[in-house]
Amino acid sequence: PVSAKAASQPQTNIALNAGDRLPVRSAIESVVVRSANDSAMVLAEAIGKTEWNFALLMTQKAHELGMKGTVFRNPSGLPDNKS
């Protein structure tokens, strides 16, 4: 399901609305082909339950892969003004 937070993500997105449902395959395709920030948030919330938890999981995986200086703050790669 698409949350209000996911629906409010800036361009580039696929114009999802809160309450929409997005199949996983379509979400992945839109992230790969369009860099859709709204779809990235939908996937992050589905995997991590929250954007923050997803960022922690991604950071942990990056460290496991040897990228010790990498820190994720969001699923889109957009600048994070809070850090």
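The values are calculated or read from the model by the stated rules, or taken from the named source; none is laboratory data. Note that the structure is predicted; figures quoted are calculated from it, not measured. Positions of Cβ are backbone-derived with ideal geometry, glycine not excepted, and every protein chain shown enters the neighbour counts. For the accessible areas, the whole protein counts, side chains as well, though only heavy atoms, and no ligand, DNA or RNA atoms are used. Shrake-Rupley method; radii C 1.70, N 1.55, O 1.52, S 1.80 Å.
List of remarks:
- In summary, R34 fulfils each of the numbered conditions (1) within 10 Å of the chain's Cα centre (by Cα); (2) modelled with pLDDT under 95 with the single exception of condition (1).
- Residue count, segment 36-53 (criterion: free of Cβ contacts under 8 Å to residues at least 40 places away in the same chain and surrounded by fewer than 24 Cβ atoms within 10 Å (Cβ to Cβ)): 8
- Among the residues of this structure, V33 counts as one that is part of a helix (DSSP H, G or I) and open to solvent by 70 Å² or more (accessible area, probe 1.4 Å).
- Here segment 57-83 is the region considered, the condition is being in a loop (DSSP other than H, G, I, E, B) and over 27 Å from Q11 (Cα atoms), and the residue that is most open to solvent (accessible area, probe 1.4 Å) is K68.
- Taking the conditions (1) buried (at least 20 other Cβ atoms within 10 Å of the Cβ); (2) not in a loop (DSSP other than H, G, I, E, B) in turn, I28 satisfies each one other than (1).
- Residue within segment 55-71 that is touching a residue at least 12 places away in the same chain (Cβ under 8 Å) and within 14 Å of A6 (Cα to Cα) present: no
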